[in-house]
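Take a look at the structure set out below.
Only the coordinates and a few stated rules stand behind these numbers; no lab work does. Keep in mind that this is a model prediction, so the values were computed, not measured. Cβ coordinates were reconstructed from backbone atoms using ideal geometry, including for glycine residues, and neighbour counts include every protein chain displayed.
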Amino acid sequence: MLKKILLTLFIALIIIQFFHPKKNVSAAPGPNHIEATHAVPPAVKGILEKACYDCHSDNTRYPWYNNVQPVAWWLAHHVDEGKNELNFSQFGSYAAKRQAHKLEEVSEMVKEHHMPLESYEWLHSDAKLTPEEVKTLTDWADALRATIPGA
C-alpha cells in the first residue's frame, strides 16, 4: 500500500513539471516605471535592482530552482503578492497620494528590516542591505515623497 502511494506521488511530481506559471518578464521598463517618472540616483537604482525589483516590478530575475514544480507556483504567487502591494514598473500610474504613501511604506519597511523579506535574503545574500544602503534608500524615498505634488 505504501509503495502505491509513493509511486502515485512520484508520478504526480513528474506530471506537474510540465505545468509552469507565466513568467514575470518584460522587455524593457515602460513609461510608468519609477525610473522613467522620478529621479533615481545610481546608488538607489542598484539597491532597488538587487533587493526590490524581483518581487516589486514587471521584471523578475528567476533562479534555477524556478524550473522545479511546485516551487515555480510558489514563486509566482509570491511575486504576484509583491506586485499587488507595490509595483515599481507601474509607479507612475499611481495617484500622487498613493505614490507618497508607497514611498512612506518603503522607508518604514526597510528601516524596520521587514523588507527585503528574510526568506528572500536566504537565497539572495546580495539582497541583504547594509546600514548604509538602508540609509541611502530611505533618505531617497523620504526626499522623493516630499516632492510629490498633491500628496
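General observations
- Adding -39500 (n - 2.57) for every DSSP H run of four residues or longer, then dividing by how many residues the chain holds, sets the calculated 222 nm ellipticity at -17500 deg cm²/dmol.
- Legend: ranking of residues Val68, Val79, Val134 from fewest to most surrounding C-beta atoms inside 10 Å; resulting order Val68, Val134, Val79.
- Here the contact order of segment 61-151, divided by its residue count and restricted to Cα pairs under 8 Å and six or more residues apart, works out to 34 percent.
- Of Lys45/Lys97; Lys23/Lys50; Lys102/Lys135; Lys45/Lys111; Lys50/Lys102; Lys45/Lys102, those spanning more than 21 Å from alpha-carbon to alpha-carbon: Lys45/Lys97
- Note on Lys3: no lysines have a C-alpha under 29 Å away, same-chain residues under 8 apart excluded.
- Sorted by Cβ density within 10 Å, fewest first, the residues Trp73, Trp122, Trp64, Trp140: Trp64, Trp122, Trp73, Trp140
- Hits among aspartates and glutamates - C-alpha to C-alpha of Lys22 under 13 Å, sequence gap 8 or more where chains match: Asp58, Asp80
- Contour excess over end-to-end distance, with Cα ends at Leu9 and Ala96 and 0.36 nm allotted per residue: 26.3 nm
- Rg over Rh [alpha-carbon atoms, Kirkwood Rh] for segment 2-147: 1.08
- Listed by Cβ neighbour count within 10 Å, with the fewest neighbours leading, Asp58, Asp142 appear as Asp142, Asp58.
- Short-range pairs are left out: with C-alpha atoms under 8 Å and at least six residues apart, the relative contact order of segment 2-147 is 28 percent.
- Put the Cα centre of segment 1-49 next to the Cα centre of segment 79-107 and the gap is 19 Å.
- Under the span-like rule (Cα at least 20 Å along the axis, Kyte-Doolittle mean at least -0.5), DSSP H helices of the chain: 2-16
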